Amino acid sequence: MRVIVGTDIASIPIAIIIALVIGGVLIALSGVNPFEAYGALLQGAFGTPQHLADTLIEATPLALIGVGIALCFRAGVFNVGAEGQFLLGGMAAAITGNLLSTAPAIATLLAMAIAAVLAGAAWAAIAALLKVYLGASETLTTIMLTYVATYLVSYLLNGPARDPATPIAQTQPLTTSGLLPGLWPGTTLHVGIVIALIVAVAAHYFLRRRVGGFQIVATGLNPVAARSAGLPVRRILISVFLTSGALAGLAGFIQVSGVQGKMIVNLSPGYGYTAIVVALLGRSTPLGAFLAALFFGALSAGGASMETSVGVPASVVTIVQYLTVLLVIAYTAARTLRRPSRVADEEE
Amino acid sequence: MAISPLEPARAAPGSTTGPILQMDKSTVRFGEVVANDRVSFDLAPGEIHALLGENGAGKTTLMRVLAGLIQPDEGQVFVRGEARSFESVADSVAAGIGMVHQHFMLVPTLTVAENVSLGLRSAGRLFPNTARVGRELRALADKHGLSLDPSARVSDLSIGQQQRVEIVKALYRGATILILDEPTAVLTPGETDSLLAMLRSLTEQGTSVVFISHKLREIRAVADRVTVLRHGQTVGTWALDSVADAELTSAMIGRDAAPTVSSRLAPTTSVAPVPRLAVERVGARDRRGHAVLDSVSLSVAPGEILGIAGVDGNGQTELAEILSGVRRPSAGEVRLDGANITAATVAERIGHGLAHVPEDRQRTGLILDLSIAENLAMETVGTAMFSRRGSLNRAAVRAHAEDIISRFDIRCSGPDQRVRDLSGGNQQKVLIARAVSRAPSALVVSQPTRGVDLGAVENIHRQILDLAAQGCAVILISTELDEILALSDRIAVLYSGTIISTYDRATVDLGTLGMNMTGQSV
Amino acid sequence: MKSGLHRTLAVVGLVAAIGFTSACSTAVPSGNTDNATSAARTPVEDLSIAIVLSGPITDNDFNQVGYEAAEAAGEEVGAEVAYAENVSDANAERTLRNFASDGYDLIIAHSFSFGDATLRVAAEFPDAVFMAGTATSNAENVGTYDNPDYQGAYLAGMLAAGVASEGTVGWVSAIQTPNLLANLHAYEAGAEDINPEITVLHSFIGSFYDPPRAREAALAQIQSGAQVLSAQTVGTIDGAIDGGALAIGALTDQNFLGPDNVLTSVLWDLAPVFTDVATAVQDGSWTNENYSYGVAEGSITLADFHGLDSRVPADVMATVLEREAEIASGEFEVPYDVTTVD
C-alpha cells in the first residue's frame, strides 16, 4: 500500500513519456510514422468539440469508479469487482427507468440513480461482509462476484428484462425522461462528467477534512494500530467498500442513461478493471484518480481515432495505458529498494 | 571529573595483530544535521567493544555505515588494516561483518531456515535447500548453546527467539565481526545472560563483537572496552576494568548522572472496596486453539501500580489485548469500576476512561506514516475536542500536539513531523503522552521503555508515577524486572498463561521474581 | 479454435438477429419503402468504405468474413477500405461517428448489436450510407443485410439424409430464434427431400455459447442413432468427433476442426453484397433496402469436402448439386418456416 499511496509525483509524467516512447516504437514497427499516429491520437482526443466530448464521456465512468477504488486503496482493501457492481448498477438503472418511463425526468433520473447506487453497493456489500466477518479475501470474492454479476445481467437481458421487440440482449430503450441531459450542445456530452467531478472533489474533501476520512487513511496505513486505537475498523472497511460499489453503480447509471439509452450486455469495455489502474496512477487520491481518468479517457477516445484514421491498432493505446502504470510502480519500487526503509533509521 | 580515554591504536596495513576493524574520523551528514562527527574507534580481534550513548548520539548511524547502508561523507573504514568502502550491504557482508538490527529483518510467514536461505546463493538460487540449511543451522545453534528450531515459522516465535534467529543468521553467513544494536532491549534476564555468555564464547573462537547498548551493567558484564558517543562525536574509549560507572554515565549524558528513579515512597496500601480495573478468570486461545491465558484474575485499585512480570510470550500480549478491548477473552470477565466491560469496544473503553499503551509502538501503537499530531488525536478524533459534527478541526489537532510536545518533551521538528522520522524514544513518548494526557482513570501499559534510551526511560517512568499519584489505576506489563521493581506497588508473575505468584513490592527481590519467571516457585 | 464468450455471443446473436430482420422483411414489407424507392442519391467519386467489427479480423469466423468481404469489395470497385476491430457495443456509436465525421461514404456496422448506434449516427450524417447487420427500423440512409443460410441448410439436410444409412440425422443449435428455426425447418425439408422416412433430431441447448452442453447434446443425438449432425453452435463438432459421427459446419469452412468428421460446411460470403452496395453508392443508385443474398447471388455455398465426398453416395451428390442449381436459378424455392418447435 505504501508503494501505491506514496508514489513520487514526478515519476508520473516521466512514466507517461517513457510509455509513449515505447508505444511510438511499437507503432513504428507496425510501419506507421509514430508522430503521425500520435497526431491522430491528439486530434481524436481534443481536435473537435465532439472529440473532446468523447474524451470526457470516456473519462466519466473511469473517474467515478476510480475514485471509489482509490478510497478502498486508502483504507487498505482492494475492490477488484467494480466491473460487476457497474453492470448491476446499469441494469438496475435501466429497469427503473423503464418502469418510470412516464414520470417527470427529474424523478425518473433520481430513481434510476438511487437504484443503481443501491445495486452497486449491495453487490459490494457481499464481498465486504465476507471479508470482515469471515476473513474471505476480497480480491477473490469480488472477482467471483463479477462473474456472477456478468451472467446475471446476461440472463436478465436474454430473459425477463429483454426488449420483446428484438432478439438482441438489451432492455427497451429509455424514454427521454430516462436520459441524462446534455451539457454541450452540438456534441453528445452529457452531465456525467460534472457528477464525476463533484464526486471527486467531495471525496477529496472527505479524506482531508472529515473524521471519517481521517479514520480511513489511518486504517489503511496500519489497521492493527487503528484498531488498537479504538477506530471502528470493520465499519470503516465496510463503508468504503459500499461507497466504492455505489460509485461503480452510479457510473453504470450514467452509461445507461447518458450514453447507451438502454442496458446492453457489453455495457462495459472493462471500465471496472481499467479504473483500478486509474486509481493507481492517481496515487489513490480522488483528485489524482480524476486526472488519471481524463488521461485515460483522452487515450481511449484518441486511440479509436488513431485506429480509424492511420490504421494503428487501438491496442497500442492499451499498452501505453498499462505501461504507464507499470513504470510508475517500478520507479517507486526501485526508489524504495535503493533507499532502505526509514524504519531502519529509527534510532537516529 | 577526570576523563582519560585511551588513544586508539592504528594498525599497520596487512597486520594481523592490529585492529580487525577501525573507523577513522567517519563523518555523516544529513543535510544540516551531522549524525556522526569524526567518529573513531577500533575493534581488536576477539574483543567485545561496547558502544555506549544515548539515542541520537550517533550509534545507529555508525552501525549503518559499517552495514553498507550509508556511505560516510568523510573518513575511512579499515578492515584488517585495509581501507574499505562499503557501497552496499553485500560489500559489508563480504568483509565478514554481520548485523543484528534492533528491528528484525525476518519474513514472518517463512520458517527460520527459509529466512536464513533468503538471498543466500550457497543455499541454492531458485529452490533453496532449506533442509540442508536447517541441519547446519541446528548444528551452529547447538554449538553456541542456543535452542533454535529451523523449521519453526518466524511468526510463531517470541521476540527473543527471533533475535536468536538473527544472530545465528549472521553467523551462518560467515560473519567474523558481529555488530549488535541494543540486543538486550528485547530480552528477558535469562535470555540476556545466555546471550552474553554466547558472545563471550564466540570471541574465544575469534569472532569480534561490537555491542551497542546503553545498559552499563551488561556492558560491564561482557565488554572489554567501551567507546562513548555523544551528540555524534566520540567522547572517548576506555578499558572497562579501569573506569567507573559514574564516569561513563557522565561521559554519555554530558553531566553528572541523574538520580535514578526510586521506588515509590507512599504506595496506596489500603485497597479500595471496588477495584478500578479487574479481570476475573479470563482465558484466551491462540489461532490454533491452544490456551495462552488460563483463568487469570487480577485487580488494581485507584492510585495503585500493579506490575506484571514475566518472560516474553507467556500471555502478556493477550492479557493486554483483553484489557484494552482489542481481543475478546474466551472465558471470564473484564470489569471497570465494577461494571462488566467484557463486551465493550476499544472506543467505548476509551470513553470510559481506560487508556492503554500497546507493547509494540511501531506495529500496534502508532501509525508511522501519520504526523505526531494525527497520532496524538487518533483515539479521540471523533470527540468534541477535535471535531464538530464529523468535521475535523485540524487547528485543534495541531494545537493539542504543540501542547503535548512541550509538556512531554518530545524532540521533533513540530506537530506535523511524521512519527516514522522520530527516534524510538520519542515515538514512545508520543504513545505514552497520548494515553497519559487524557488523565485516564485506568492505564494498561505494556513494555513502556523497550528499546528506549535512558533519558526517555526516566521521563516515561515519571509520567506513569505521576499518573498513579493522581489516582489512576495502572497495570504495568514489562519484561524489564528493574522497571517492574522501580514502579510497582504489587507484582504478579505471569508464566505460561497463569499468574503463578503475586507479591507486595516490599516483600520481593529480583532473584525470587527471576525464578518465578522461569516457572520455579520459591 | 473458437474462443471468447463475447465474440461468440455476438456472432451467434448476429446470425439470429439477421434472421429476425429477414423474417420481418419477408413477412412485413418495410415501412420506408416509399422513401427507399424515391430517394436518388448523389453519385460518389473516390468512394471510401469503413467497416466496424465487434471482434478481431483474424477470427477465422464471422469478423474475418466481414472484413475480407469489405476488402474484396473495395478492390473490386477501387475504393479505400478502413476498419475498426474489437469494437465493443459500448464504443460502437463513437467509432461509427468517428468514421462518419472523417468523411467515409459507406460505413458497415458488422454486428447485430450495432443497430441502434447505427441509426443514431446515421441521423447525424445524412450524406453517408450505412449498412447494418440489423436495424429495428430503416432510416433513409441505413440499409441492412442478412444471412439467408436456411437455403444452405436445405442442401445440408439433403446431404445428411443421403449419408445417414440408418435413417436418423441430427441438428444442434443455441436457442429458438427465427433465423435458427428457419434453418432447422429447411434442414428437415432437405432431409425429407432425399429420404421421406428420415428422422431429424434437434436440440436447442438454451444458451448462445456453451460448448460442453452442445457436445453433450451432440453425443445424445448420436446415441439415439444420428449419423450426421448439423453444427449450428460451438461444441457440436467436438461431440461428433467423440461420437464418431459426421458433422456439417456453418459460416466458414470448419473442416479444420475435424478433418475426418466435418463433411462440408455451409459458407456465407459477404463479398457479393458489399460489392453490389459499394457499386450502388458509387453510381448513386443505392437505396435503403434489405440485401438478402443467398444461393442465387453466390453468397451461400457449400464448402470443399476435403475428400470426404467419398462418403456421399454418387446419386445423392448429383441430386444435391442439381437442387443447388435450381435454387440459384429460382426454379426451386427453399421453404421459409419459422414455426417454433418443442
- Within region A:307-328, track down each residue that is at the interface with another protein chain (Cβ under 10 Å from one of its Cβ atoms) and either buried (at least 19 other Cβ atoms within 10 Å of the Cβ) or in contact (Cβ under 8 Å) with a residue 60 or more places away in the chain (or both). A:Glu307, A:Thr308, A:Ser309, A:Val310, A:Gly311, A:Pro313, A:Ala314
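Matching residues to (1) within 9 Å of another protein chain (Cβ to nearest Cβ); (2) among the hydrophobic types (A, V, I, L, M, F, W, C); (3) surrounded by fewer than 24 Cβ atoms within 10 Å (Cβ to Cβ):
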{"position": "C:Ala72", "(1), (2), (3)": "no, yes, yes"}
{"position": "C:Val77", "(1), (2), (3)": "no, yes, yes"}
{"position": "C:Tyr83", "(1), (2), (3)": "yes, no, yes"}
{"position": "C:Thr95", "(1), (2), (3)": "yes, no, no"}
{"position": "C:Asp102", "(1), (2), (3)": "yes, no, yes"}
{"position": "C:Ala109", "(1), (2), (3)": "no, yes, no"}
{"position": "C:Phe112", "(1), (2), (3)": "yes, yes, no"}
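Looking only at region C:196-241, filter to residues that are of a type in the set (Ser, Thr, Tyr) and part of a loop (DSSP other than H, G, I, E, B); which one of those is surrounded by the most Cβ atoms within 10 Å (Cβ to Cβ)?
Step by step, filter region C:196-241, then rank; the result is C:Thr233.
For the structure I just gave you, tell me whether C:Ala153 is in a helix (DSSP H, G or I) and within 14 Å of chain A (Cβ to nearest Cβ).
For C:Ala153, the condition - in a helix (DSSP H, G or I) and within 14 Å of chain A (Cβ to nearest Cβ) - is not met.
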- Note on the structure: B:Ser391 meets each of (1) touching a residue at least 12 places away in the same chain (Cβ under 8 Å); (2) more than 30 Å from B:Thr61 (Cβ to Cβ); (3) surrounded by fewer than 24 Cβ atoms within 10 Å (Cβ to Cβ) with one exception, condition (1)
- Message: Being without any contact (Cβ under 8 Å) to a residue 24 or more places away in the chain and within 14 Å of chain B (Cβ to nearest Cβ) is the requirement here; does A:Ser284 meet it?
- Response: no
- Look at A:Ala28 and say whether it is within 14 Å of chain C (Cβ to nearest Cβ), in a helix (DSSP H, G or I) and surrounded by fewer than 24 Cβ atoms within 10 Å (Cβ to Cβ). no
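Inside region B:135-160, can you point out the residues that are free of Cβ contacts under 8 Å to residues at least 40 places away in the same chain and not in a loop (DSSP other than H, G, I, E, B)? Write out each step before concluding.
Applying the first criterion (free of Cβ contacts under 8 Å to residues at least 40 places away in the same chain) to region B:135-160 yields B:135-143, B:147-150, B:156.
Across region B:135-160, the qualifying residues are B:Arg135, B:Glu136, B:Leu137, B:Arg138, B:Ala139, B:Leu140, B:Ala141, B:Asp142, B:Lys143, B:Asp156.
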- Of A:Leu88, A:Leu134, A:Leu100, the only residue that is crowded, with 17+ Cβ neighbours inside 10 Å and over 22 Å from the mean Cα position of the chain (by Cα) is A:Leu100
- Note on the structure: Residue set B:Thr345, B:Thr317; condition closer than 18 Å to B:Leu293 by Cβ, hydroxyl-bearing (Ser, Thr, Tyr) and either assigned by TED's automatic domain parsing to the domain that holds B:Glu483 or in contact (Cβ under 8 Å) with a residue 40 or more places away in the chain (or both); output residue B:Thr317
- In region B:274-284, residue modelled with the highest pLDDT [restricted to those that are outside any strand (DSSP E or B) and surrounded by 18 or more Cβ atoms within 10 Å (Cβ to Cβ)]: B:Arg276
- Note on the structure: Those residues of region C:42-64 that are buried (at least 23 other Cβ atoms within 10 Å of the Cβ), modelled with pLDDT under 90 and not in a loop (DSSP other than H, G, I, E, B) come to a total of 2
- Item | Filtered residues of region C:183-240 (kept if over 17 Å from C:Val341 (Cβ atoms) and either β-branched (Val, Ile, Thr) or free of Cβ contacts under 8 Å to residues at least 12 places away in the same chain (or both)) | C:Ile194, C:Pro196, C:Ile222, C:Val228, C:Val234, C:Thr236, C:Ile237
- Item | Number of positions in region B:375-385 that are of a type outside the set (S, T, N, Q) and more than 7 Å from every other protein chain (Cβ to nearest Cβ) | 4
- Task: Quick one: count up the residues across region B:394-407 that are surrounded by fewer than 21 Cβ atoms within 10 Å (Cβ to Cβ) and either more than 13 Å from chain A (Cβ to nearest Cβ) or closer than 25 Å to B:Asn459 by Cα (or both).
- Result: 7
- Message: All but one of (1) part of a helix (DSSP H, G or I); (2) modelled with pLDDT of 95 or more; (3) under 22 Å from C:Tyr293 (Cβ atoms) hold for C:Ile107; state the number of the condition that does not hold.
- Response: (1)
- Note on the structure: From the option list A:Ala103, A:Ala124, A:Ala136, A:Ala128, single residue qualifying as outside any helix (DSSP H, G or I), among the aliphatic types (A, V, I, L, M) and farther than 21 Å from A:Pro173 by Cα is A:Ala136
- Message: Looking at B:Arg287, B:Arg327, can you tell me which residue is in contact with an Asp or Glu (Cβ under 7 Å, 6 or more places away or on another chain), assigned to a loop (DSSP other than H, G, I, E, B), of a type in the set (D, E, K, R) and surrounded by fewer than 23 Cβ atoms within 10 Å (Cβ to Cβ)?
- Response: B:Arg327
- Which number in (1) touching a Leu at 6+ places or on another chain (Cβ under 8 Å); (2) away from chain A (no Cβ under 14 Å); (3) surrounded by fewer than 22 Cβ atoms within 10 Å (Cβ to Cβ) marks the one condition that B:Val296 misses? (3)
- Task: State whether one or more residues within region A:68-91 are of a type in the set (A, V, I, L, M), over 30 Å from A:Thr219 (Cα atoms) and touching a helix residue (DSSP H, G or I) at 6+ places or on another chain (Cβ under 7 Å).
- Result: yes
- Just one listed residue, out of A:Leu242, A:Leu197, A:Leu250, is more than 27 Å from A:Leu52 (Cα to Cα), modelled with pLDDT of 95 or more and either away from chain B (no Cβ under 14 Å) or in contact with an Asp or Glu (Cβ under 7 Å, 6 or more places away or on another chain) (or both), and it is A:Leu242
- Note down all Cβ pairs under 6 Å where the first residue falls in region C:273-289 and is closer than 18 Å to C:Ala69 by Cα and in the same structural domain as C:Ala69 (by TED's automatic domain parsing), the second is part of a helix (DSSP H, G or I) and among the charged types (D, E, K, R), and they're at least six residues apart or on different chains. C:Thr275/C:Glu76
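The values are calculated or read from the model by the stated rules, or taken from the named source; none is laboratory data. Please read these numbers as outputs of a predicted model, since none were measured by experiment. Positions of Cβ are backbone-derived with ideal geometry, glycine not excepted, and every protein chain shown enters the neighbour counts.
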